[in-house]
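Colleague: Take this structure, written in structure tokens, and hold onto it; I'll ask about it next.
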Amino acid sequence: MEINGEKQESSEAEEGRKGRMTFLLALVTLISTFGSSFQYGYNVSVINSPAPYMQDFYNKTYLDRNGVPMDANFQTLLWSLTVSMFPLGGFFGSLMVGPLVNNCGRKGTLLINNLFSIVAAVLMGTSEIAKTFEVIIVSRVIMGIYAGLASNVVPMFLGEMSPKNLRGAIGVVPQLFITIGILTAQIFGLNSILGNAGGWPLLLGLTGIPSVIQLLTLPFFPESPRYLLIQKGNEEQARKALQRLRGWDDVDDEIEEMRQEDKSEKEEGHLSVLTLCTFRGLRWQLISIIVMMMGQQLSGINAVFYYADRIFESAGVDSNNIQYVTMSTGAVNVVMTGLAVFIVESLGRRILLLAGFGLCCGSCAVLTLALNLQETVSWMSYLSIVCVIVYIIGHAIGASPIPFVMITEMFLQSSRPAAFMVGGSVHWLCNFTVGLVFLYMEAGLGAYSFLIFCAICLVTIIYIFFIVPETKNKTFMEINRIMAKRNKVEIQTDVEQMMDLQTSPGGKAGKQEVVGSEL
């Protein structure tokens, strides 16, 4: 008994040593998230503070060209395009994920993606000198494409190279850097720094710096080992990449797990989005990522930030200080997402998803009440501020970071790119829709708009509670087997049937492999 106990302790110690955070893994995580995810967040909020000065530039440029001031409706249209082209570009970027990551690799796609950011940064930074506002709108589309690729490829890249016991924590880091990007844009956008008439072109152009850093440093880091072995068939390179990432020569267990996945997917090739949408063995995985991504974007995060300034003003915050208070909400977002990095492996994904959407649901309900009563009950305005902060905490610990982690974990190598294309497209389309519809919703329903967001959060909670499994500390194959039961498909039975068909006259191996691969 004692010997068995010692063996078990030794095995656990060895497993922990293999799954530790090495300096190389930490560095590649830092470079890929700062070079890519950071810019997504930065460009989400970078045009908020200098908006009046940018609109003045639009009007002045138009006046210089045509000799008459710009029509107010036309100016509103141009500014709406400036804002909305970013999520629309994100949608187009998501559609490019599959072809690029399958042909160029995960690391290769991130390197190519930097070119979009650098070109857009140069165009936006020189737009005032060139006296053209059109390039700002075009650059917002280009930055959207960049963000659409980055928001999908970075979680995929990091998820595939992380040990299973750190996959959740590392998977949350991209969202952490998105929030850091938002906060950085808020700080640089202060009137006293770059959020003024002379500083806004530099504020927009700074987005190219992280891309230059990533372009110069990322080539020295390894490609995703799973991509090298399963998609490129190069076990030697995959082994070397794993050994560098783990800081440990014995990577046989992980190589064997990849071989099993490779064997189950042999000759299947890459699943297209159409095949993914019609494949019975991935039905619940696909529905789950669509529900989580819709819940993430339709739960009202953009609306809460839109209302935040008004809420702070009603609570008596001086209009000159509102931007500092808004910046403090950005800081709360960063701190709570940072907390999620450290608790996701101990609490698990399901708990954070349920708790996150639960906090969002409750705060939306109370916020509706508080906004409607703040004219008659003086302290309700302070309750509104509490609701905003609680909502941001809920979104930061669960609703924002975990869905992208789940896409990585719920799909195997051949279907993961297509899954990210679907999940990313839903994410950006919902983002675009909320931006388009919310102003009309707010005009018609006022504070009652938040009841709709409350209902969406509630539906998402119910779905996650009954359908989405816990994936903490499980291999991709183990998660796949859990979902096979949900899809009412038996893996072993299908593999046996496939082998029987392969040995029968006229059996087509390639086609049958598809049947058993991901079920």
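The values are calculated or read from the model by the stated rules, or taken from the named source; none is laboratory data. All values derive from a computational prediction rather than experimental measurement. Cβ coordinates were reconstructed from backbone atoms using ideal geometry, including for glycine residues, and neighbour counts include every protein chain displayed. Only protein heavy atoms, including side chains, enter the accessible area calculation; ligands, DNA and RNA are left aside. Shrake-Rupley method; radii C 1.70, N 1.55, O 1.52, S 1.80 Å.
Colleague: Quick check on the range 200-221. Is at least one of its residues open to solvent by less than 40 Å² (accessible area, probe 1.4 Å), more than 24 Å from the chain's Cα centre (by Cα), on the phi < 0 side of the Ramachandran plot and modelled with pLDDT of 90 or more?
Modeller: Yes, some residue in the range 200-221 is open to solvent by less than 40 Å² (accessible area, probe 1.4 Å), more than 24 Å from the chain's Cα centre (by Cα), on the phi < 0 side of the Ramachandran plot and modelled with pLDDT of 90 or more.
Colleague: A further question follows. I need the full set of residues from the range 30-55 which are more than 14 Å from the chain's Cα centre (by Cα) and either of a type in the set (A, V, I, L, M) or not assigned by the TED database to the domain that holds VAL119 (or both), in order please.
Modeller: Once the filter is applied, which keeps residues that are more than 14 Å from the chain's Cα centre (by Cα) and either of a type in the set (A, V, I, L, M) or not assigned by the TED database to the domain that holds VAL119 (or both), the range 30-55 yields LEU30, ILE31, VAL46, ILE47, ALA51, MET54.
Colleague: So, in the range 134-150, how many residues would count as being open to solvent by less than 10 Å² (accessible area, probe 1.4 Å) and either more than 23 Å from GLN175 (Cβ to Cβ) or under 14 Å from the mean Cα position of the chain (by Cα) (or both)? Outline the logic, then answer.
Modeller: The first filter runs over the range 134-150 and keeps only residues open to solvent by less than 10 Å² (accessible area, probe 1.4 Å), leaving 136, 139-140, 143-144, 146-150.
Imposing the further condition that a residue be either more than 23 Å from GLN175 (Cβ to Cβ) or under 14 Å from the mean Cα position of the chain (by Cα) (or both) reduces the set to 136, 139, 144, 146-150.
Residues meeting the conditions: 8.
Colleague: What's the number of the only condition in (1) more than 25 Å from ARG140 (Cβ to Cβ); (2) β-branched (Val, Ile, Thr); (3) buried (at least 19 other Cβ atoms within 10 Å of the Cβ) that VAL390 fails to meet?
Modeller: For VAL390, the failing item is (3).
Colleague: Looking at the range 237-245, is at least one residue more than 20 Å from the chain's Cα centre (by Cα), in contact (Cβ under 8 Å) with a residue 60 or more places away in the chain and either open to solvent by 20 Å² or more (accessible area, probe 1.4 Å) or in the same structural domain as ASP56 (by the TED database) (or both)?
Modeller: Within the range 237-245, one or more residues are more than 20 Å from the chain's Cα centre (by Cα), in contact (Cβ under 8 Å) with a residue 60 or more places away in the chain and either open to solvent by 20 Å² or more (accessible area, probe 1.4 Å) or in the same structural domain as ASP56 (by the TED database) (or both).
Colleague: Look through the range 151-192, keep the residues that are more than 24 Å from GLN297 (Cβ to Cβ) and of a type in the set (Gly, Ala, Ser), and return whichever of them is surrounded by the most Cβ atoms within 10 Å (Cβ to Cβ).
Modeller: Keep residues of the range 151-192 that are more than 24 Å from GLN297 (Cβ to Cβ), which gives 160-166, 187-188, 190-192.
Next, only the ones that are of a type in the set (Gly, Ala, Ser) stay: 162, 192.
On the way: SER162: 21, SER192: 8.
The extreme case among them is SER162.
Colleague: Another question, if that's okay. If you go through the range 395-406 one residue at a time, do you hit one that is over 21 Å from the mean Cα position of the chain (by Cα), farther than 30 Å from GLU261 by Cβ and crowded, with 22+ Cβ neighbours inside 10 Å? Before you say what the answer is, go through the steps one by one.
Modeller: In the first step, residues of the range 395-406 are kept if they are over 21 Å from the mean Cα position of the chain (by Cα); the result is none.
The answer is no; no qualifying residue exists.
Colleague: Follow-up. If we only count helices (runs of 4 or more DSSP H) wholly inside the range 1-45, which ones have 3 or more residues that are at pLDDT 90 or above and surrounded by fewer than 16 Cβ atoms within 10 Å (Cβ to Cβ)? Working first, answer last.
Modeller: Working: elements: 2-18, 23-32, 38-45.
The qualifying helices (runs of 4 or more DSSP H) are 23-32.
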